[in-house]
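Here is the structure we will look at, set down as structure tokens.
The values are calculated or read from the model by the stated rules, or taken from the named source; none is laboratory data. Predicted model only: the values in this text are computed from it and were never measured. Cβ coordinates were reconstructed from backbone atoms using ideal geometry, including for glycine residues, and neighbour counts include every protein chain displayed. Only protein heavy atoms, including side chains, enter the accessible area calculation; ligands, DNA and RNA are left aside. Shrake-Rupley method; radii C 1.70, N 1.55, O 1.52, S 1.80 Å.
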Amino acid sequence: MIRFEQVSVAYEGAARPALSGVDLTVPEGELCLLVGPSGSGKSTLLGAVSGLVPHFTGGTLRGRVTVAGRDTRTHKPRELADVVGTVGQDPMAHFVTDTVEDELAYGMESLGVPPDTMRRRVEETLDLLGLAELRDRPIASLSGGQRQRVAIGSVLTTHPRVLVLDEPTSALDPAAAEEVLAVLQRLVHDLGTTVLMAEHRLERVVQYADQVILLPSPGTAPLVGEPAEIMPVSPVQPPVVALGGLAGWSPVPLSVRDARRKAGPLRERLADAAPRAVSRPAPGAPVAEVSRLVVRHGRVEALRGAGLVVRPGETVALMGRNGAGKSTLLASLVGMHQPASGSVRVGGTEGDGVVPHRTRPAELLRHVGLVPQEPRDLLYADTVAAECAAADRDADAAPGTCRALVARLLPDVADTTHPRDLSEGQRLALALSVVLTARPPLLLLDEPTRGLDYAAKARLVEVVRELTADGHATVLATHDVELAAELAHRVVILAEGEVVADGPMAEVVVSSPAFAPQVAKVLAPLPWLTVPQVREALETTP
């Protein structure tokens, strides 16, 4: 169905090709998973299938890519639209209408699908993706995860033979991700659709893949094989594979179920050990207080009496379904929403501090900084160097402060690189560096691992831990249960705008099948959450 014949792609001014020596076939009716570190060329490879590379992105493509027999060099994206459906990392860049139902119908209108067929397919897709209640909602009012499902739905309605998906579950809560993956499974198994998917959240998808394409680094020829062959040699691995390697299991497990079948001896070995206790933040005056907060978006009540207290040196994970109010709560802490009732204060001592929506941005930056879901919202300059220089000036930081953070989070990115030429994960790391330059006492991260591979996530964890040790507080809204297990002291779970759980990380997530990390599921009822915890215990246990 998809054939790459000695394909290379090079962009003008780049030090090395984005792709080189790609020679592979994706058969019809298979789910093929594309993996590799951030910036290794995954998005370029996906773009070559849809014709966006090089017709839209520019650059020089050598070799030949064919999809259903059509050569992408001679067929532009619109001439492949009836065969290939594409969802990129940024759904907002693809939307052309204002409401959910109109967006689902737009692609079919462009292809001239009969009205009766259009209506039936829209209804089917609304049900498949759990979007029926959102059909009349403006797209601008949806959460990031809801937009992601709409973007996927807008492609599914055209019934393409090939689906190309770039990070399709990155902004979805665990339950919504399972729903989307179940739909993809049905398309592959029942309809013979070919799915080519790039995804960093391997713990969610690797067990469903028929084959894996590994791009080890930019310009390196890919490795292709079955998941059990590729995962042990991959530089990016889901926790269950890393745990299998640590325990010496062969073949490595790809799912929690496979791992639990092998985990009996490991559980016995760990039975008398315990994870090192998480250091609790010292008591102190809150850096943020939210009390009985109500926020409305038009007719939608996004927060309903929510409360939150965050103290210095504390890391809090906000979790919950898409649309539960996580991003709204973070945005309220930086003054982007005026409360309908209730109160929000940041900084100062108890009962003191500033009210975010009444405070000038320059003053507010001394108390709190937000890295939003869409990092491009913070990036305006033409080069990485210019972004860093502006961040230093805005924060009154020593020249080079921001660039040093970028070098740590984004190794090998040149000063002259334009932010738009970075991958989604790389843009996120740049935006994070810009915000961290001011070293705000309270750092807010909205889906901070979207587009980040496991190595980049580990570097982020290290930076946040250092800030925590210096007394900075962090609140991160995330669907990444593995990140929460690594970082959070507390977990706050929101549902329909209300706080329904607030407690220590280990207690809250282990009791929730939806939010428990893979290691906790494999080793339950033992209290282990992460692979590093298990590794440390095995090194000290005879």
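Beta carbons closer than 6 Å, at least 6 apart along the sequence or on distinct chains, pair a first residue in segment 302-327 that is among the aliphatic types (A, V, I, L, M) with a second that is open to solvent by 40 Å² or more (accessible area, probe 1.4 Å) for Ala306/Val499; Val309/Glu289. Here is a check on your reading of the model: is Gln211 surrounded by fewer than 22 Cβ atoms within 10 Å (Cβ to Cβ) and modelled with pLDDT of 90 or more? Against the criterion (surrounded by fewer than 22 Cβ atoms within 10 Å (Cβ to Cβ) and modelled with pLDDT of 90 or more), Gln211 qualifies.
Among the residues making up segment 25-67, those that are outside any helix (DSSP H, G or I), in contact (Cβ under 8 Å) with a residue 40 or more places away in the chain, within 20 Å of Pro160 (Cβ to Cβ) and in contact with a Pro (Cβ under 9 Å, 6 or more places away or on another chain) are Leu33, Leu34.
Yes or no: segment 160-168 includes at least one residue that is under 29 Å from Ser512 (Cα atoms), under 20 Å from the mean Cα position of the chain (by Cα), open to solvent by 10 Å² or more (accessible area, probe 1.4 Å) and touching a residue at least 24 places away in the same chain (Cβ under 8 Å). Scanning segment 160-168, I find at least one residue that is under 29 Å from Ser512 (Cα atoms), under 20 Å from the mean Cα position of the chain (by Cα), open to solvent by 10 Å² or more (accessible area, probe 1.4 Å) and touching a residue at least 24 places away in the same chain (Cβ under 8 Å), so the answer is yes. From the residues in segment 301-330 that are touching a Ser or Thr at 6+ places or on another chain (Cβ under 8 Å) and of a type in the set (S, T, N, Q), which one is most open to solvent (accessible area, probe 1.4 Å)? Among them, the one singled out is Ser327. Among the numbered conditions (1) open to solvent by less than 10 Å² (accessible area, probe 1.4 Å); (2) modelled with pLDDT of 90 or more; (3) hydrophobic (A, V, I, L, M, F, W, C), the only one that Ala242 does not meet is (1).
Taking segment 313-336 as the range and being in a loop (DSSP other than H, G, I, E, B), modelled with pLDDT of 90 or more and either of a type in the set (Ser, Thr, Tyr) or in contact with a helix residue (DSSP H, G or I) (Cβ under 9 Å, 6 or more places away or on another chain) (or both) as the test, the residues that pass are Gly313, Glu314, Val334, Gly335, Met336. Screening Ala285 on (1) crowded, with 17+ Cβ neighbours inside 10 Å; (2) hydrophobic (A, V, I, L, M, F, W, C); (3) under 30 Å from Val346 (Cα atoms) shows it passes everything except condition (1). Going through (1) among the aliphatic types (A, V, I, L, M); (2) open to solvent by less than 10 Å² (accessible area, probe 1.4 Å); (3) over 23 Å from the mean Cα position of the chain (by Cα) one by one, Leu442 falls short only on (3).
Does Gly400 count as over 22 Å from the mean Cα position of the chain (by Cα) and farther than 26 Å from Arg296 by Cα? Answer is yes for this residue. Only one of the listed residues (Pro339, Pro411) is without any contact (Cβ under 8 Å) to a residue 12 or more places away in the chain and part of a loop (DSSP other than H, G, I, E, B). That residue is Pro411.
On inspection, Ala501 qualifies as of a type in the set (Gly, Ala, Ser), in contact with a strand residue (DSSP E or B) (Cβ under 7 Å, 6 or more places away or on another chain), open to solvent by 20 Å² or more (accessible area, probe 1.4 Å) and free of Cβ contacts under 8 Å to residues at least 12 places away in the same chain. Out of curiosity, is Thr220 polar (S, T, N, Q), touching a residue at least 60 places away in the same chain (Cβ under 8 Å), under 27 Å from Glu424 (Cα atoms) and crowded, with 23+ Cβ neighbours inside 10 Å? Answer is no for this residue. Residues of segment 67-85 that are open to solvent by 10 Å² or more (accessible area, probe 1.4 Å), at pLDDT 90 or above and touching a Ser or Thr at 6+ places or on another chain (Cβ under 8 Å): Val84 alone.
The set of residues from segment 408-429 being within 24 Å of Asp446 (Cβ to Cβ) and aliphatic (A, V, I, L, M) comprises Leu409, Leu410, Val413, Leu422, Leu428, Ala429. Output the qualifying pairs, or none if there are none: Cβ atoms under 6 angstrom, residues six or more apart or on different chains, first residue in segment 123-142 and hydroxyl-bearing (Ser, Thr, Tyr), second residue surrounded by fewer than 20 Cβ atoms within 10 Å (Cβ to Cβ). Partner pairs satisfying both residue conditions: Ser141/His297. Scanning segment 169-198 for residues that are assigned to a loop (DSSP other than H, G, I, E, B), touching a residue at least 60 places away in the same chain (Cβ under 8 Å) and buried (at least 22 other Cβ atoms within 10 Å of the Cβ) gives Ser170, Ala171, Leu172, Asp173, Thr193.
Any idea which residue in segment 368-413 is modelled with the lowest pLDDT, counting only those that are within 23 Å of Gln89 (Cβ to Cβ) and among the polar types (S, T, N, Q)? Once the filter is applied, the top-ranked residue is Gln373. Regarding segment 417-426, can at least one residue be identified that is acidic (Asp, Glu), touching a residue at least 40 places away in the same chain (Cβ under 8 Å), touching a Phe, Trp or Tyr at 6+ places or on another chain (Cβ under 8 Å) and closer than 22 Å to Asp377 by Cβ? The answer is yes; a qualifying residue exists.
Which condition number does Leu104 fail, the rest of (1) more than 23 Å from Ser217 (Cα to Cα); (2) open to solvent by 30 Å² or more (accessible area, probe 1.4 Å); (3) at pLDDT 90 or above being met? The number of the failed condition is (2).
Residues in segment 361-384 that are of a type in the set (Val, Ile, Thr) and either touching a Lys or Arg at 6+ places or on another chain (Cβ under 6 Å) or crowded, with 22+ Cβ neighbours inside 10 Å (or both): Val368, Val371, Val384.
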